[in-house]
Amino acid sequence: MNIFLDLKKAFDTVDHTILLSKLREYGAEGTSLSWFTSYLTNREQFCYFDGSSSSKSSIKCGIPQGSCLGPLLFILYINDFENCLKRMNPNMYADDTCVNIASDNLKELLTDLENELENISNWMRTNKLSLNASKSEYMVIGHRQQLNRVDDDLPDLVLNNEVIKRVDKTKYLGINIDESLNWKEQYKTIKNKLKGGLSSLRKLKTILPQKKLDQVYKALFESHLRYGDIVLEFSSQHQAVPTAATTDKGKEANCGCQV
């Protein structure tokens, strides 16, 4: 089972006191800690529009988005999340968090799941973070017979008094995942992107030199083929054929030779 967690206004709700405390635990001290303290505290914000300014208000929480330091500070803020988990395995990329748990025994899985959800709830409460229930979801992964057996036995998944909806497919970090792990949606997405790139390549072939055409090919074709390519190793051969055919057409449009 995978649970995809979405935090509500994640960057805006980072508590400065907690963040500085964690930085201290990670070894920041002296001048470096003073620098971070100065960076985060005694800041004000106001709105300016059409020549008029609002009154200033103190910034008591949150870290700047769109900066190089913002994502790094957030990663350090949530870095200890895995410490609250006993049976689940976390996968974290900035504010995109997925936790998974597996078991051959449904009763044991549900017991462990209830305990782990309580641990997650306590951690979020301690770190003053909130769950965005409308964007959070969970997926039960298995073959069709397994899924049919558990469909009627699964209770509602509740975290922080919010019900998390069950889905049979989702997109995580740009990869389309479905409950049977057959990767049909991922192949479909890649194929559509390659078709768009193929159209652009054919139009640009007559007006761009080969060196520039190679760059376009890498941007519109190779980037989509290489991203998350490891998951496609587990898909069936017949799913890969249409995508491979489109790729060959792209190579032909790029180099002008039959492949």
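The values are calculated or read from the model by the stated rules, or taken from the named source; none is laboratory data. Small disclaimer: the values here were computed from a predicted structure and weren't measured. A quick note on method: Cβ atoms are made from the backbone with ideal geometry, for glycine too, and the neighbour counts reach across all protein chains shown. These accessible areas exclude ligands, DNA and RNA; they are computed on the full protein's heavy atoms, side chains included. Shrake-Rupley method; radii C 1.70, N 1.55, O 1.52, S 1.80 Å.
Taking 20 Å as the cut-off for C-alpha to C-alpha distance, list the pairs among 86/135; 195/218; 107/128; 8/86; 191/218; 165/193 that go past it. It would help to have the intermediate numbers written out before the result.
Details: 86/135 25 Å; 195/218 14 Å; 107/128 32 Å; 8/86 24 Å; 191/218 15 Å; 165/193 29 Å.
With Cα atoms farther than 20 Å apart: 86/135; 107/128; 8/86; 165/193.
Return the calculated 222 nm mean residue ellipticity for the chain, to the nearest 500 deg cm²/dmol, obtained by summing -39500 (n - 2.57) across DSSP H runs with n ≥ 4 and dividing by the residue count. Numbers along the way, then the final one.
Working: 9 runs with 111 residues, N = 259.
About -13500 deg cm²/dmol.
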Judged on accessible area alone, 1.4 Å probe, highest first, 50, 12 line up as 50, 12
Which of rounded, prolate or oblate describes region 47-190 when judged by the alpha-carbon gyration tensor and an a/c cut-off of 1.5?
prolate
Enter the Cα centre distance for the pair region 153-170 and region 75-110, rounded to the nearest angstrom.
15 Å
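Mind checking the dipole of the chain: about its Cα centre, +1 per Lys or Arg Cβ, -1 per Asp or Glu Cβ, Debye to the nearest 20? Write down the numbers at each step before the final one.
Details: 33 positive and 33 negative charges, 304 e Å.
Roughly 1460 debye for the chain.
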Shape verdict for region 1-48, please, from the Cα gyration tensor: rounded (a/c under 1.5), prolate (a/b greater than b/c) or oblate.
oblate
Listed residues 227, 187 arranged by accessible area, highest first, probe 1.4 Å
227, 187
Cα gyration tensor shape for the chain, rounded if a/c is under 1.5, else prolate or oblate
oblate
Dipole magnitude of region 131-229, debye to nearest 20 (Cβ charges: Lys/Arg +1, Asp/Glu -1, about Cα centre):
1120 debye
